[in-house]
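Since the structure comes first, as structure tokens, the remarks are kept for the end.
Read the figures in this text as sums done on the coordinates, not as results from a lab. What you see is a predicted model; the values in this text were computed from it and never measured. Note: ideal-geometry Cβ built from the backbone for every residue, glycine included; neighbour counts use all protein chains shown.
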């Protein structure tokens with residue numbers, strides 16, 4: 001009755017609501033062929049600027065990463081700044097950083113898929129690529145930091161002429177297994193949803209690209225049976241990869257936690273590392289999405305402010321969780337009353353490198369908490385870019401605090417020391433950073449960065465559920 | 001030690017009461033075990049390779065501060081933290097000498113053992129130091145001890161080459177090893193006899209008698225590493 005009494009305002013409200021909904025990708029569908037064309041154009045149309053950047057990056061990677069690494073192998077690990085008592089420095093810090101970054105792909109793509117968070121659709125692939133390339137950059141470090149990298153294969157368990165089996169009690173051995181498993185499974189998990197898009201590319205290209213797509217698409221024709229099998233496989237992997245993801249960073253944290261080194265020997269390290277990894281990883285996803293929006297063609301249609309907004313909320317939650325675990329680390333030491341841990345933790349905040357500790361808290365807690373609560377700020381790309389980059393700097397500092405700054409002040413004060421990176425451990429991390437960007441840039445021209453079929457599936461098959469004041473698209477009935 | 005007996009538990013007692021911090025043990029150890037000189041720059045950077053170091057700590061007020069000297073080397077832990085963390089079994093417990101041995105040829109240089117050693121007794125070969133010894137100086141090298149390459153970890157071996165030498169001689173002569181027959185380089189060089197080296201499993205030996213002293217303590221006992229090195233607490237004499 002009330003609706004009949006006020007027909008005009010209600011119609012206005014509906015159309016305004018409709019306009020608001022069209023801001024979301026799910027409610028702004030475009031024809032299938034147009035979307036395919038947009039994705040293909042984003043991939044095939046490259047500017048000279050792109051090639052210049054790729055060239056410069058390739059030179060930097062060749063010199064800083066592989067050149068300096070080769071020099072370090074030839075000369076000795078002493079070209080890095082590590083010395084007694086800090087035997088692990090920037091290499092391990094950067095290793096943990098990259099493994100952390102690689103968590104976001106799985107988190108965004110698998111966990112959000114399992115929980116049917118529909119906003120994930122357009123950027124799952126961008127996040128999964130980040131996982132694979134983050135792992136590729138990170139997996140170099142267990143090799144780089146070795147004193148004798150030319151015999152690294154002695155860690156691999158295989159029947160050998162030395163009659164030696166690796167030590168499965170060593171966390172480094174667990175690391176090797178966990179990272180290999182994660183690299184393999186995340187690559188498969190990247191590849192499975194890629195197959196229909198590769199077939200889409202195969203049908204719309206010629207020349208070497210056609211051969212490339214044809215080979216990788218494995219003869220995909222898009223029959224009902226193929227879709228059924230693909231979806232089953234993706235579902236299995238989405239569930240199976242979640243424990244793998246949790247185990248990887250837990251095991252990385254065990255490198256520290258199962259040792260008896262003061263302030264490493266902490267039961268909180270497993271979840272603490274996971275939360276930190278997801279915080280840095282999701283932040284890196286946002287950074288990359290903003291860069292993609294700005295540089296790739298047609299990306300403003302697929303990656304919208306709503307996505308940055310939704311991921312921003314996730315970061316805020318994970319920043320709070322990280323803050324809790326950080327605080328918990330101190331809580332345990334206060335109640336535990338172990339003098340060594342207490343003195344190390346207080347030296348983090350008062351020692352010679354305390355500025356790192358303060359920057360870490362500022363970037364990981366203060367800045368996200370001050371900015372991310374605001375919807376308007378979460379939808380401002382340049383601001384989000386700065387915030388997410390700062391969070392990753394803060395997470396890098398967190399690992400720096402945990403590794404060299406903790407090793408520097410152990411139980412016997414006679415052996416206290418400091419650490420500062422030298423040539424090798426300055427340039428190699430820089431090189432690996434550009435290595436990641438280079439891989440990503442090359443991949444952006446080789447495979448479709450947007451999972452078109454997933455976006456289309458969302459646009460076609462969703463129903464709208466109203467929860468509170470918001471409209472949530474939901475595809476759950478389809479499965 | 002008779003042959004049918006359980007293998008000796010080699011151990012050491014260091015009397016901080018008489019240690020003057022003269023560093024003779026450090027020098028003797030360097031010569032015995034082919035420990036390389038790292039050069040001025042690296043030494044200044046904190047990369048000296050000494051297998052044992054004299055920890056010097058000060059107590060008391062500024063003007064009347066007294067030093068305490070404590071020679072610290074690998075404690076040859078019975079439950080060594082370095083052993084389980086090595087992925088390639090480069091640091092293992094030897095059954096024959098019951099000490100903790102480092103196998104240079106297996107080491108791939110993860111340096112995890114050094115991080116997990118609470119005594120920081122381990123040294124890493126940052127460069128090929130031993131290969132940079134100028135020509136006539138290479139004659140100082142002890143032929144019984146391996147020269148280490150870059151990228152491997154090393155540490156005090158309790159002069160295992162000396163143990164083997166004496167064991168072989170005693171076996172050839174068909175007798176047990178006398179107490180005091182095996183001497184580590186540091187114990188031999190100590191001018192005040194602050195370091196006693198011997199078989200802890202023999203209750204009659206001089207080292208076991210010294211280890212039963214009222215003044216005994218082991219370094220970082222709360223970690224439960226069961227070190228083979230026992231310290232005797234200094235009582236303020238001779239600055240100890």
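Each helix, a run of at least 4 DSSP H residues, gives -39500 (n - 2.57); summed and divided by the residues of the protein assembly as shown, these come to -15500 deg cm²/dmol at 222 nm. Counted over region A:210-309 with a bin width of 5 Å, the fraction of Cα pairs per bin, in whole percents, is 2, 10, 11, 10, 12, 17, 16, 9, 6, 4, 2, 0. When DSSP beta bridges are restricted to pairs lying wholly in the protein assembly as shown, around 85% turn out antiparallel. Rounded is the label for chain B, because a/c, from the alpha-carbon gyration tensor with a ≥ b ≥ c as root eigenvalues, stays below 1.5. Peptide A:372-380 has a mean shielding of 0, counted as Cβ atoms of other protein chains within 10 Å of each residue's Cβ. Centre-to-centre, using Cα atoms only, region B:81-147 and region B:19-51 are separated by 15 Å. For region B:1-132, just say rounded, prolate or oblate: build the C-alpha gyration tensor, square-root its eigenvalues into a ≥ b ≥ c, call rounded for a/c under 1.5, and beyond that prolate if a/b exceeds b/c, oblate if not. Here region B:1-132 falls in the oblate category. Inter-chain Cβ neighbour count for B:103-109, averaged per residue, equals 5 (cutoff 10 Å, partner chain atoms only).
For chain B, modelled as a GNM whose springs connect Cα atoms under 10 angstrom apart, the maximal fluctuation among B:205, B:59, B:213 occurs at B:59. Is region B:148-198 rounded, prolate or oblate when judged by the Cα gyration tensor, a ≥ b ≥ c being the square roots of its eigenvalues, rounded requiring a/c under 1.5 and prolate requiring a/b larger than b/c? Verdict is oblate for region B:148-198.
The distance from the alpha carbon centre of region A:124-182 to that of region A:215-261 is 18 Å, rounded to a whole number.
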